[in-house]
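**Q** There's a structure below that I have some questions on.
The numbers here are math on the coordinates, done by the rules we state, and not lab data. Source: prediction; values computed, not measured. Cβ: placed from backbone, ideal geometry, glycine included. Neighbour counts: every protein chain shown.
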Amino acid sequence: MNTNWKARWGTALLALATLAVMASPSAAAPPNYLQVQGVEVLPQSLNPDGAVFVYDLRNPRNRWSGRGFGYVVVDHGNQLPEEEGCVPVEGGEFQYLSGWRFKHGFVVDGDICTTDDPDVYSVFLYMVTYQGETLLFYGELDHRPLNQFPPGLPTVEGRLYEGLLP
């Protein structure tokens, strides 16, 4: 009786399983991003350097490794976009601590644009750390809390992508 067929079938099944896992979409590495939730604590009308936001960070894939906090100053020329338009982000600075990682640097570019709601703006920020790493933020700035009684702080939420560009 030939017992070698068991070894061949075992090797074939292992190779087939490896190929199936490698080919599955879930096997691809997810983008490295952090969830951002925060508030605007100082509008640009009161601070010539830019609007100041403080925020909480969390890693949606690993609740223990990405918890953190930070701040960002965004200079948008003390204006918000009018109907169906955008205003450029002219600069700023940021720093945050996430897990054991401390990052800080400059806001290089970006846009604040209108949405269907006149009090909600889409925000894109292009940031670079002092070490040269690229960070991208996509999110929303919500000014609706300003129209409530008692007024609340404008909120910001979105995703901070790390290391996508050289």
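**Q** Considering region 30-162, what Rg and Dmax in Å follow from its alpha-carbon atoms?
**A** 14.4, 44
**Q** Moving to a separate point now. Based on the mean of other beta carbon atoms within 10 Å per residue, what is the order of 39-49, 142-152, 107-117, most packed first? Provide the component values of the computation, followed by the final result.
**A** Working: 39-49: 14.0, 142-152: 11.7, 107-117: 16.1.
Answer by packing, highest mean first, reads 107-117, 39-49, 142-152.
**Q** By the scheme Lys and Arg +1, Asp and Glu -1, what is the net charge of all other residues having a beta-carbon under 13 Å from that of LEU135? List each step's numbers first, then the result.
**A** Details: positive: ARG101, LYS103, ARG159; negative: GLU93, ASP109, GLU133, GLU162.
With Lys, Arg at +1 and Asp, Glu at -1, the net is -1.
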